[in-house]
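Everything below concerns the one structure shown next.
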Amino acid sequence: MKLISNEVMVSTTNGLILTNRRVRHSIKSKGCLHTTSLLLENIQSVSTKYTSKIGFLIVGLLVSIVATVGLLNEEESSLIGVIVGVLLIVFYYITREHQIIIASSSGKIVIQLVGDNKKNISDYIDLLEETICKRKSELATEVYSNR
């Protein structure tokens, strides 16, 4: 990414570039490159979204418990139940999603996060909001100094 005049890099992570003037996200998927760039002064909201399919965990635990009881009673077919239960529990962990959504009136950036903990996400949002506030303050100062 080529920086514009007086632009300084603040952070780069997860394909997301944050400068003192804009935020840009680039993602490659299936031979395509999608890039979205938003000026900080146009950003209206920053949000996080966490989704999980808790049903897989509940059913997996129940199936595993019932199948384990069956194994203790020496029922050979219960081994399949334990395997299915464990697979459902693993599927629950695989299907969890964390997202950061940065929105403006002209578009939005949705970042899919894998393996990031809640503290890292919160720290990044704090950094982004701080950078947005600094930019808006700079713009306000420029407007008043030009009067």
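Here, each number is a calculation from the coordinates, and none is a lab measurement. Note that this is a predicted model, so its numbers are computed, not measured. Using ideal geometry, Cβ is built from the backbone for each residue, glycine included, and neighbour counts are taken over all protein chains shown.
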What trypsin sites (Lys or Arg not before Pro) in the stretch 1-80 are in a loop by DSSP, with at most 11 other Cβ atoms within 10 Å of the Cβ?
Lys2, Lys30
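Work out the length of the dipole vector of the stretch 67-139 about its Cα centre, built from +1 on the beta-carbon of each Lys and Arg and -1 on the beta-carbon of each Asp and Glu, and round it to the nearest 20 debye. Before the final figure, lay out each step's value.
Details: 7 positive and 10 negative charges, 113 e Å.
So the dipole magnitude of the stretch 67-139 works out to roughly 540 debye.
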Only one of the listed values, (i) 130; (ii) 103; (iii) 116, was derived from the coordinates as volume of the Cα convex hull per residue in Å³; which label is it?
(i)
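Charges at C-beta only: +1 for Lys and Arg, -1 for Asp and Glu. How large is the resulting dipole of the stretch 1-68 about its Cα centre, in Debye rounded to 20?
Numbers: 8 positive and 2 negative charges, 42 e Å.
Computed about the Cα centre, the dipole is about 200 debye.
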Please tell me the relative contact order of the chain in percent, rounded to the nearest whole number, where contacts are Cα pairs under 8 Å and at least six residues apart.
22
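Give, rounded to the nearest 20 debye, the magnitude of the charge dipole that the chain has about its Cα centre when Lys and Arg contribute +1 at Cβ and Asp and Glu contribute -1 at Cβ.
So the magnitude is around 800 debye.
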Mean ellipticity per residue at 222 nm, deg cm²/dmol - from DSSP H runs of n ≥ 4 across the chain, formula -39500 (n - 2.57)
-15000 deg cm²/dmol
With no solvent and one equal point scatterer per Cα, compute the Debye intensity ratio I(q)/I(0) for the stretch 31-75 at 0.14 Å⁻¹ and report its log10, rounded to two decimals.
-0.63
Hey, which of these cross-link pairs are over 27 Å Cα-Cα: Lys30/Lys119; Lys28/Lys136; Lys28/Lys108?
Lys30/Lys119; Lys28/Lys136
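Filter the GluC sites (Glu not before Pro) in the stretch 17-119 down to the DSSP loop ones having no more than 11 other Cβ atoms within 10 Å, then list what survives. The partial results should precede the final answer.
Values: sites: Glu41, Glu74, Glu75, Glu76, Glu97; in loops: Glu74, Glu75, Glu76.
Sites meeting the loop and neighbour criteria: Glu74, Glu76.
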Just want the answer: with Cβ charges of +1 for Lys and Arg and -1 for Asp and Glu, which residue in Asn14, Cys133, Tyr92 is farthest toward the dipole's positive end in the chain?
Cys133
